[in-house]
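Input: a single structure, listed below in C-alpha cells.
The values are calculated or read from the model by the stated rules, or taken from the named source; none is laboratory data. Because the structure is a prediction, the values reported are computed rather than measured. Note: ideal-geometry Cβ built from the backbone for every residue, glycine included; neighbour counts use all protein chains shown.
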Protein chains: 4
Amino acid sequence: MNINSRVPVGVLGASGYVGQELLRLLARHPGASVVFATAESAAGERRDGVDLVRAADAALARAEIVLSALPHGVSARYVQEARAAGRRAVDLSADFRLSPEAVYGLTEVTRPRLAAAELVANPGCYPTAALLALLPLAQHDLIDQSREVVIDAASGVTGAGRNPKPEFLFGEVAENFRAYAAGNEHRHLPELKATLERESGFAGDLVFTPHLLPVTRGILETIHVPLTRVIDRATAEGIYETVYVDEPCVEVLHGALPSLRDVLYRNRVAIGVATVAHVRRPRLTVIAAIDNLVKGAAGQAIQNMNVMLGLPETAGLVC
Amino acid sequence: MNINSRVPVGVLGASGYVGQELLRLLARHPGASVVFATAESAAGERRDGVDLVRAADAALARAEIVLSALPHGVSARYVQEARAAGRRAVDLSADFRLSPEAVYGLTEVTRPRLAAAELVANPGCYPTAALLALLPLAQHDLIDQSREVVIDAASGVTGAGRNPKPEFLFGEVAENFRAYAAGNEHRHLPELKATLERESGFAGDLVFTPHLLPVTRGILETIHVPLTRVIDRATAEGIYETVYVDEPCVEVLHGALPSLRDVLYRNRVAIGVATVAHVRRPRLTVIAAIDNLVKGAAGQAIQNMNVMLGLPETAGLVC
Amino acid sequence: MNINSRVPVGVLGASGYVGQELLRLLARHPGASVVFATAESAAGERRDGVDLVRAADAALARAEIVLSALPHGVSARYVQEARAAGRRAVDLSADFRLSPEAVYGLTEVTRPRLAAAELVANPGCYPTAALLALLPLAQHDLIDQSREVVIDAASGVTGAGRNPKPEFLFGEVAENFRAYAAGNEHRHLPELKATLERESGFAGDLVFTPHLLPVTRGILETIHVPLTRVIDRATAEGIYETVYVDEPCVEVLHGALPSLRDVLYRNRVAIGVATVAHVRRPRLTVIAAIDNLVKGAAGQAIQNMNVMLGLPETAGLVC
Amino acid sequence: MNINSRVPVGVLGASGYVGQELLRLLARHPGASVVFATAESAAGERRDGVDLVRAADAALARAEIVLSALPHGVSARYVQEARAAGRRAVDLSADFRLSPEAVYGLTEVTRPRLAAAELVANPGCYPTAALLALLPLAQHDLIDQSREVVIDAASGVTGAGRNPKPEFLFGEVAENFRAYAAGNEHRHLPELKATLERESGFAGDLVFTPHLLPVTRGILETIHVPLTRVIDRATAEGIYETVYVDEPCVEVLHGALPSLRDVLYRNRVAIGVATVAHVRRPRLTVIAAIDNLVKGAAGQAIQNMNVMLGLPETAGLVC
C-alpha cells in the first residue's frame, strides 16, 4: 500500500472520547486516510493531523466510507445522509444495533456478512465482551438455560462520554465504585439477548449489572455461567481455544484470569475461566476484559472497516 | 466520663493499615485511652499521640482490654498471651473466627453475646457486608436455597495489607481492575457460610468472587439473591428497615443504591436493593457497601469493645 | 458542655464540597449544634442529621453564629443579611478576605483579634499553607526581598468546587497533571501578598503557580525561599518549632518532608524544610501540606468559630 | 522495507516498565525486529510476540544493535559485553550518561553525532524535558545566570521502576503527592548541569525538586526562568518555534500550557510558556511535559536507534 492508494475515510463526531480514539488509530493506519472529521464544539481545532470541521458537506463525496461516533439518537440521521450519498458506513452509536437494515459488526462472529455490507452497526462495549465470552459456550450447548446467567460488568468512565454531568466529576468518581442501572434496566441488555439468540439460539435469562470504575478506560465482566454438565478448567479453556484459534484479537488465558491492564490500548478481548468449587450444580466463572474505547468501540469499528474494504483485518490496530 | 475514668486499651500490631486506623479512631474516643501500642517495624515512632513499642511486656498489665491487628497466624499467640494475663481481647485477625473459643463479633447480630465475652473474633471485611445484607432475607426465608447466591465483591487495596508485593504497586493497581481467587477459593467463604447457617439456618450454595479496585479503601458487594417468592422493592426495603430500625450503623437506602463514597471513614454499612426485570424466577439484587478499615475492621472492633465494656456503642465512631 | 448548652450554628451553602465538610465536622462537635443548613439544589435532602432547606429565613434568628460556604460573589449578600440580623459570621468565600470590615481568620496568626470579631473572613486554601510556611521566616528577616519567592502549589480537585465543568471530569483529571493560571494570574495572589506585608512587612516578589492534582483533596506547596543568610536545616526547623511550639494544628517535621497523606481529614498544616546544595546564594526549600477542605476551609472556619465563641480551639476537630 | 530487511535488535532487561515499553514499541516497528529479549524474573514468559530468555548468550551474535533497559549499575557490564561482541548499543540506564565513551542521545540536540555512534547513552527522563525546555533560551543568552533557575518536576510512579518498595504501594501513592530528594540531591542534577553547559555554555545555578504524582506515567516540569531581558509570550513561543520548526517530536504550544495528557503514549515533548506579572525583574515560566516511558526512555531510545541505523527517525513511534 502506498499513500496514494489509501482508502479515504470520513469521521463524524470526532471530539468525544470514541471519536478521538478513531483519529488516534486512523493516524497510523497504513491503508486509510482521514479526509474529513466533524466535531461540533471543537471545530477549527487540529487533532492527529486532521482539521476538525463543523459539517461534512462537500467532503462527504471524497470519502469512500464513513465512521460515525455521533451520540445515540443523533447518529442515525447523519449516517442515513451518508448512505444516501452512496457512502458505506460503520455506525458506532446504538442507533442501528437492533435494526435489520445493518449488519451487526461483532467481527469474530459476523465476519462473513461484513465484506459486502453497506452499513455496519458496531456493537456496544458491554455486549462485545459478554458475547465473545458467552457465544462459544452457548454454541456448545453448555449453558443451562433453566438457570440465570449473572453478569457483573465494570467500566471506566469514558464509557459515559464527555458530557459534563456532576456524577462523572473526578471528585465524585475517584475513590468510589458503584452499580448503576441494576435490575436489568441497562439499554445494552436487549442487544445482548437478541444477539445471543440469533447467533446461538440461547434464550435463557440474563441478569446484567453495570458498575462505574474509577479508571479512565476498560471494561471487565465477571460472568457466572450455569452449566449443563461438569467441565474442568482445561476443557473450558480448550473450547475457547478451538473457537478462537485463528483470531488475532482474542486472547484465551490458561490458568489465569484477565485484568484491565492486559487489554488497555489494544483491540483485544482477553478471556479467562475458573471452575467453581463447593456448589451442587455445575458452574463456570468466565471473565472477559476489553478496552471500551478500542475493541469496545473505535478499534472494532476499524476492524470492521478493514473487513469491508478487503484490507488486512488488523491494519492500524495493535491486538 | 472524664479522662481518669477512661478504659485503658492496648493495641497489638499498630503499624499496618488496620492498626493505624485503630489508633486514629481511639485517639478521639471519649471513654478509652491507649496505654500501649506495639509495632515491629515502626517501633520508636509516635502515631496519634502514642509511642509505638516493640513488645507489650509489662504494659499488658495496665490494659483492661487488648485489640489485636496482628497478621493471621501470628495474632493467636499474642492474644492467648493477653488472655493468659487476664485481659479481655478483640482479635481482628482470622485466627478465631471459626473457633468456638471466641464470640463472633458481628455487632448487630451477636450483640447479646458480646457483653460477657472474654474473647471476641472480629469478622472479616467481606463477610461483614455480605452477612448484614443476606441475614435479614435468610431469616425471613426469602432466599431460594435450591439456587445459588452469587456475590461479586470489590475491595480497595488496603484490604491486602501493607506488605510490599509487586501486584499491589501503584503502577500495577491504578487504571486496573481484576478478580482474584475466583471459583470460591477465598478464605472468607467458610466464615461466611458458617455464620449464615448458624444465624439463619441458610445452607444454600454461594459463589463468591472478590475483585481488586484501584481505590485505597472500601468494599462494595453486588449480591444476586434468588427469591422464594416475588417481592417488590419497597417490600424488600421494608424488611431491612424493620430488622435494622434501631441500628445506628446500618443505613437502608430507599430507591437508591449505595456507593463506596457513602461509607468511607464511617462505621457504617449501606444497603440498597433492586428488583430484577425480564427474568422468569423471582430475584433481588442487593448491594452493600462498607469501609473495609472501619466497619470491616477497626471500627467494628471498637464497636464490639464498647459493647463489651458497657460504653455507648458508637463512642469514638462516626456512623 | 452538655447538649443544652451547645451553641446554635447556621450553615449557608451546605451542598458544595466545603459545605458538606462543615456538616461532617459539626456533626461531631461537642459544643455546637447545627440549627439550619441551606442548599439550593439539594434542599429537602438530609445530611449528617441535618435537613437541608432552601433559605435560612426565620431560622436565622435561632443561630448564634453563621458559617457561609456560598460561592464567591454570592456569599457577601447573605452574610450581610445575617450580620444585619445581629448574627456573628465566618465567611468561607473570598468576598471579605481583602476587606477591612472583617478580621482575617488565619487562626495561628490573628488569634487575638478573633475573640471579639463579629465577622471573620476565612483565608483561601492556598494562602493558608503559604502564609503559615512563610511568615516565620519573614518575621525573622530571613527572606531576601531582592530575590523572588517561587511557589509551586498543587491542589486536589475539590478545590475547584462541584460545578460540572468538562475539565474536571474524571476522564480529564485522572492520569493527568497540569498548571493553571501560571504567571501570577491566580486570584489568591493579592490575598497572599497583602497578608504577608501586613503581618511581617515582607514586600518582595512572589511567583505563584497552581497545579491540578489527580486527587480528591489536599494541597502541597513547594516554596523556594531566597535567604538573607545561610542557615542549616536544624536551625530552620528550630525557627518553626519556636514559633509554633504551642500550636495544636501545626506540625513541624524534623529531617523529613510532608506529604498530602500526613494531613488528609485533619485540621493540620505540616511543614518540612530542605537546604539547597550546589547554589551560590543561600536558599531554603519549604514544603507545606494541608487538607484543602479542612485546614484550608471548613476546619479552619470551625477553629475560628471556636475562638470567637470561647470554646476549646480544637473542639470538633482532629489536628 | 520488507520483513526480511528488518534490522535485528536485542533487548536487555525486558521485564521492567521501560523494557516492557521497548517491546510494545518495537512490536509495531516497520524496520526492526526483536531477535532476543532478556528478563531475569520473567524468563520463559512471552510478551508482544517475543519469548523472554534469561541471558542473551549466543543470540547476541544475531543482533545488529542492543538496547539495554537494565538497572543503573548493572547495565554497564552487559552493554560492554555487547560492545565487545561488536554490537552497537543504546544504554537506557544512567551508567554512561556522564561518560565520554558514549554519545549523549538527546536526539533533537545531538542528532549529528548519533549516526556514527557505536554507544549511545539515552538521557534521563527529567533531563530530557528540562533540557529541551531550557536549551533554546540558554542558546539565545536569555537566561540570567546570576539568578537561580528553579525546576519543580513531577513524575508518575513508573519512573521509580517495578521494585516492590512499600512507598510505591497503591495504598501509599494514591490520593497522595510529595516531594522527594529536595535540595538538589537528585542524581539527575549533574547530568542536567553538565549537558546544559556543554550544549549552551550555561553555568548558572539550578534548584531541582522532583515530586511523586499519583499517576502511572508522565512527567511535567514547571521551570522558572530568570531572564536577561523582558520578552513577551509570543516572542518566547517564537524562539521555541524557530529552534524546533522541523522537529516531529517537539510540540510548541501557543497561548496554552501542556498537560500530561497531551503526551501520554507519545514520543513527544510539549512545551508552553507564560510570562510573569507583578514582579520587578523579567521572568518566564516554561512548562514541559513528556511521557517518561516514551520520550523519557524507550521512545527516545528507538528514535536514537533509528538515527544510528539510518531509518526514518520516527519509525515505530507516534509523536
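A few comments on the model shown:
Listed here are the residues, each with its yes/no results for (1) touching a residue at least 40 places away in the same chain (Cβ under 8 Å); (2) more than 23 Å from residue C:154 (Cβ to Cβ).
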position: D:126; (1), (2): yes, no
position: D:141; (1), (2): yes, yes
position: D:145; (1), (2): yes, yes
position: D:155; (1), (2): yes, no
position: D:182; (1), (2): no, no
position: D:185; (1), (2): no, no
position: D:189; (1), (2): no, no
position: D:205; (1), (2): yes, yes
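- Hey, residue A:10 closer than 20 Å to residue A:72 by Cβ, within 12 Å of another protein chain (Cβ to nearest Cβ) and of a type outside the set (A, V, I, L, M) or not: no
- Residues located in the range D:264-276, provided they are farther than 21 Å from residue D:224 by Cα and either in contact with a helix residue (DSSP H, G or I) (Cβ under 7 Å, 6 or more places away or on another chain) or more than 8 Å from every other protein chain (Cβ to nearest Cβ) (or both): D:265, D:266, D:267, D:268
- Qualifying residue in the range D:125-132 (condition: at the interface with another protein chain (Cβ under 8 Å from one of its Cβ atoms), closer than 25 Å to residue D:272 by Cα and small (Gly, Ala, Ser)): no
- Residue check for residue D:284: more than 19 Å from residue D:28 (Cβ to Cβ), under 17 Å from the mean Cα position of the chain (by Cα) and touching a residue at least 40 places away in the same chain (Cβ under 8 Å): no
- Within the range D:206-260, tally of residues that are among the small types (Gly, Ala, Ser) and closer than 30 Å to residue B:171 by Cβ: 3
- Strands (runs of 3 or more DSSP E) (entirely within the range A:1-76) containing at least 3 residues that are more than 25 Å from the chain's Cα centre (by Cα) and closer than 30 Å to residue D:25 by Cα: none
- Pair list, Cβ < 8 Å and 6+ apart or interchain, from the range B:235-262 residues that are of a type in the set (D, E, K, R) to residues that are assigned to a helix (DSSP H, G or I): B:247/B:108; B:251/B:262; B:261/A:172
- Enumeration of residues in the range D:137-166 that are away from every other protein chain (no Cβ under 13 Å) and surrounded by fewer than 24 Cβ atoms within 10 Å (Cβ to Cβ): D:138, D:139, D:140, D:141, D:142, D:143
- Just one of (1) more than 30 Å from residue A:260 (Cβ to Cβ); (2) out of contact with any strand residue (DSSP E or B) (no Cβ under 6 Å at 6 or more places or on another chain) fails for residue A:94. It is (1).
Yes or no, residue by residue, for (1) surrounded by 20 or more Cβ atoms within 10 Å (Cβ to Cβ); (2) more than 14 Å from chain D (Cβ to nearest Cβ):
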{"position": "A:20", "(1), (2)": "yes, no"}
{"position": "A:25", "(1), (2)": "yes, no"}
{"position": "A:31", "(1), (2)": "no, no"}
{"position": "A:38", "(1), (2)": "yes, yes"}
{"position": "A:54", "(1), (2)": "no, yes"}
{"position": "A:57", "(1), (2)": "no, yes"}
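- Every pair of residues 6+ apart whose Cβ atoms lie under 6 Å, when the first sits in the range A:47-65 and is closer than 11 Å to residue A:82 by Cα while the second is of a type outside the set (Asp, Glu) and assigned to a loop (DSSP other than H, G, I, E, B): A:60/A:85; A:63/A:87
- In the range A:179-203, residue farthest from the other protein chains (Cβ to nearest Cβ) [restricted to those that are at pLDDT 95 or above, surrounded by fewer than 19 Cβ atoms within 10 Å (Cβ to Cβ) and part of a loop (DSSP other than H, G, I, E, B)]: A:201
- Odd one out for residue B:176, checked against (1) over 17 Å from residue A:276 (Cβ atoms); (2) within 13 Å of chain A (Cβ to nearest Cβ); (3) at pLDDT below 95: (3)
- Residue check for residue C:279: part of a loop (DSSP other than H, G, I, E, B) and at the interface with chain D (Cβ under 7 Å from one of its Cβ atoms): yes
- Every residue from the range A:102-120 that is surrounded by fewer than 21 Cβ atoms within 10 Å (Cβ to Cβ), among the small types (Gly, Ala, Ser) and within 26 Å of residue A:240 (Cα to Cα): A:115
- Pair list, Cβ < 6 Å and 6+ apart or interchain, from the range D:291-319 residues that are without any contact (Cβ under 8 Å) to a residue 40 or more places away in the chain to residues that are surrounded by fewer than 20 Cβ atoms within 10 Å (Cβ to Cβ): none
- Residues of the range D:286-318 classified as crowded, with 24+ Cβ neighbours inside 10 Å and at pLDDT 95 or above, total: 20
Yes/no matrix, rows are residues, columns are (1) facing another protein chain (nearest Cβ under 10 Å); (2) within 30 Å of residue C:258 (Cβ to Cβ); (3) of a type in the set (Asp, Glu):
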residue: D:219; (1), (2), (3): yes, yes, no
residue: D:225; (1), (2), (3): no, yes, no
residue: D:238; (1), (2), (3): no, no, no
residue: D:249; (1), (2), (3): no, no, no
residue: D:292; (1), (2), (3): no, yes, no
residue: D:299; (1), (2), (3): no, no, no
residue: D:307; (1), (2), (3): no, no, no
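Yes/no per residue for (1) modelled with pLDDT under 95; (2) charged (D, E, K, R); (3) out of contact with any Lys or Arg (no Cβ under 9 Å at 6 or more places or on another chain):
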site	(1), (2), (3)
C:1	yes, no, yes
C:29	yes, no, no
C:34	no, no, yes
C:47	yes, yes, no
C:68	no, no, yes
C:90	no, no, yes
C:109	no, no, yes
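- Counted residues, the range D:214-249 - those being touching a helix residue (DSSP H, G or I) at 6+ places or on another chain (Cβ under 9 Å), under 15 Å from residue D:139 (Cβ atoms) and among the β-branched types (Val, Ile, Thr): 5
- Of note, residue C:234 satisfies the criterion of being out of contact with any Pro (no Cβ under 9 Å at 6 or more places or on another chain), away from chain D (no Cβ under 11 Å), more than 30 Å from residue C:18 (Cβ to Cβ) and not hydroxyl-bearing (Ser, Thr, Tyr).
- Comparison of A:270, A:274 shows that the only residue that is in contact with a Lys or Arg (Cβ under 9 Å, 6 or more places away or on another chain) and within 16 Å of residue B:179 (Cβ to Cβ) is A:274.
- Within the range C:251-263, being within 13 Å of another protein chain (Cβ to nearest Cβ) and within 18 Å of the chain's Cα centre (by Cα) holds for C:251, C:258, C:259, C:260, C:261, C:262, C:263.
- Matching residues, the range D:238-260, being surrounded by fewer than 19 Cβ atoms within 10 Å (Cβ to Cβ) and out of contact with any Pro (no Cβ under 9 Å at 6 or more places or on another chain): D:238, D:241, D:245, D:246, D:247, D:248, D:253, D:254, D:255, D:256
- In the range C:193-221, the residues that are of a type in the set (Val, Ile, Thr), more than 30 Å from residue A:216 (Cβ to Cβ) and within 16 Å of the chain's Cα centre (by Cα): C:195
- The set of residues in the range D:77-102 that are in contact with a Phe, Trp or Tyr (Cβ under 8 Å, 6 or more places away or on another chain) and assigned to a loop (DSSP other than H, G, I, E, B) comprises D:97, D:102.
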